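Accompanying notes for the structure given below.
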Amino acid sequence: MTRLALVGSGPDDEAYARIAPRACGAPIAAVTDGAEVASNSAIARPTFGELLDTHPDAFDAAIIQTPTDERASHIEAAATAGKHVLVKGPLGRSAGAAREMAEACANADIVLMSGQIDRYRPEVSAVRASMDAGQMGQPGLVRSHRWQSPPTGWRLDPDRSGGIFIHELTRDIDIAAWLFDGPPDTVFAVARGSDPDRPDAAVVHLGFPDGGMAVLDVTTALPQGEGYWSLQLIGADGAVYADDQHNMQLLYAGGSPAARLTSSGDATVLSQLEAFVSAMNSGADTSGSVAAGVLALEVAEAAVASAASGRSAGRTEDGYVLV
């Protein structure tokens with residue numbers, strides 16, 4: 001049995017509450033920093049620090065989904081208290097902060113896992129499965145769209161969230177690097193918006209070894225309502241497409257395209273949480289997840305520098321530098 005604390009409010013709070021008994025053998029044990037679940041048994045405290053002070057033995061692990069600029073302090077507090085950590089979204093406000101937190105967790109011998117929620121989506125799993133089965137051949141192009149309505153609250157402040165590159169595009173950067181099984185060699189980005197300090201649209205081009213590339217675009221300028229996300233992978237032997245509209249996912253590999261109907265429901269959150277709990281129980285090495293989270297931040301920071309300068313960034317032994 002693993003008891004969880006939700007630290008910070010996110011769109012999956014109720015999903016975690018529904019699936020925690022199945023994945024962890026126990027309901028959500030505590031909520032703090034704005035998190036709320038429909039449970040009379042969950043301990044509620046205003047801040048994570050107060051929860052640790054008053055009920056340090058009430059939970060075994062924390063799901064951190066607080067504002068991006070606060071995550072480093074919350075991860076450090078969890079590590080000091082011996083609590084395992086699953087981080088939603090970016091590991092931190094910067095790659096440097098993420099590395100420091102990874103070291104703190106390693107020194108405390110606790111599991112730190114970067115959420116990478118999109119890897120657990122059924123439609124993305126179908127893309128990866130087609131690739132792993134050899135149906136795509138050598139990957140050549142990854143293209144993703146993420147279109148959504150304007151952020152609110154702390155997400156609107158780029159100093160807190162990291163803006164469109166850190167808070168939004170790290171998700172798609174992670175998927176691209178995952179599908180190409182390694183980091184990009186080059187990064188080039190452009191960003192636009194009525195407020196130059198807070199762009200609401202960006203495009204990132206990533207160049208990978210052996211000529212592969214990814215083109216990732218994101219906008220937060222849609223009217224309020226549901227957004228849209230899609231992913232395409234074109235390889236030497238086939239192509240695959242997926243989106244979040246619960247359409248038929250199409251696989252082109254010669255002959256007639258094969259279609260698969262996918263619908264997430266709670267499956268995405270359940271798969272992510274089961275992977276986290278399994279790592280805690282087995283002592284599995286999660287350093288690959290953390291390294292991927294740090295890489296996504298490194299590439300996002302390179303994209304920020306590229307968009308500001310109009311120059312591309314190349315990967316070196318010391319990280320990405322403008323060229």
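The values are calculated or read from the model by the stated rules, or taken from the named source; none is laboratory data. Quantities reported herein were computed from a predicted structural model and do not represent experimental measurements. FYI the Cβ positions are ideal-geometry reconstructions off the backbone, even for glycines, and counts take in every protein chain you see. Just the protein is used for accessible areas: all its heavy atoms, side chains included, with ligands, DNA and RNA removed. Shrake-Rupley method; radii C 1.70, N 1.55, O 1.52, S 1.80 Å.
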Calculated from the structure, volume of the Cα convex hull per residue in Å³ equals which of (i) 150; (ii) 176; (iii) 134?
(iii)
Could you work out the helix-only [θ] at 222 nm for the chain, with each DSSP H run of four or more residues adding -39,500 (n - 2.57) and the total divided by the number of residues, to the nearest 500 deg cm²/dmol?
-10000 deg cm²/dmol
Which order do Val142, Val37, Val190 take by accessible area at a 1.4 Å probe, largest first?
Val190, Val37, Val142
Percent relative contact order for the range 1-81, counting Cα pairs under 8 Å at least six residues apart, stands at 35
Find the relative contact order for the chain and round it to a whole percent, using C-alpha pairs within less than 8 Å whose residues are 6+ positions apart.
19
By the C-alpha gyration tensor axes a ≥ b ≥ c (rounded if a/c is under 1.5, else prolate when a/b exceeds b/c, else oblate), the shape of the range 1-115 is prolate
In Hz, Karplus ³J(HN,Hα) per residue of the range 216-231 (6.51, -1.76, 1.60; θ = phi - 60°; x = Gly, Pro):
10, 10, 9, 9, 10, 10, 5, x, 4, x, 5, x, 8, 9, 8, 9
Sorted by packing (mean other beta-carbon atoms within 10 Å per residue), highest first, where do 206-213, 39-46 land?
206-213, 39-46
When the Karplus curve 6.51 cos²θ - 1.76 cosθ + 1.60 is applied with θ = phi - 60°, which whole-Hz ³J(HN,Hα) does each residue of the range 149-166 get, with x for Gly and Pro?
7, x, x, 10, x, 5, 5, 7, 9, x, 5, 8, 8, x, x, 5, 6, 6
Can you classify the range 38-90 as rounded, prolate or oblate using the Cα gyration tensor, where a ≥ b ≥ c are the square roots of its eigenvalues, rounded means a/c under 1.5, and otherwise it's prolate if a/b beats b/c and oblate if not?
prolate
Select from Gly227, Ala275, Phe59 the residue farthest towards the positive end of the dipole of the chain; place +1 on Cβ of Lys and Arg, -1 on Cβ of Asp and Glu, and compute about the Cα centre.
Gly227
Diffing the range 51-60: the Karplus 3J(HN,Hα) column from phi (6.51, -1.76, 1.60, θ = phi - 60°), in whole Hz with x for Gly and Pro, holds 4, 5, 6, 9, 9, x, 9, 7, 8, 10
Under 5 Å between amide H atoms, partner at least 5 residues away or on a different chain: which partners does Gly140 have, H built in plane at 1.01 Å?
Ile234, Gly235, Ala236
Rounded, prolate or oblate: which fits the range 48-189, taking a ≥ b ≥ c as square roots of the Cα gyration tensor eigenvalues, rounded meaning a/c under 1.5, else prolate when a/b beats b/c?
prolate
Quick one: accessible area per residue over the chain, 1.4 Å probe, rounded to a whole number of Å²?
43
Kyte-Doolittle mean at least 1.0, axial Cα span of 27 Å or more - DSSP H helices of the chain:
287-309
Using the per-residue mean of other Cβ atoms lying within 10 Å as a proxy for protection, in what order, highest first, do the peptides 59-72, 103-116 fall?
59-72, 103-116
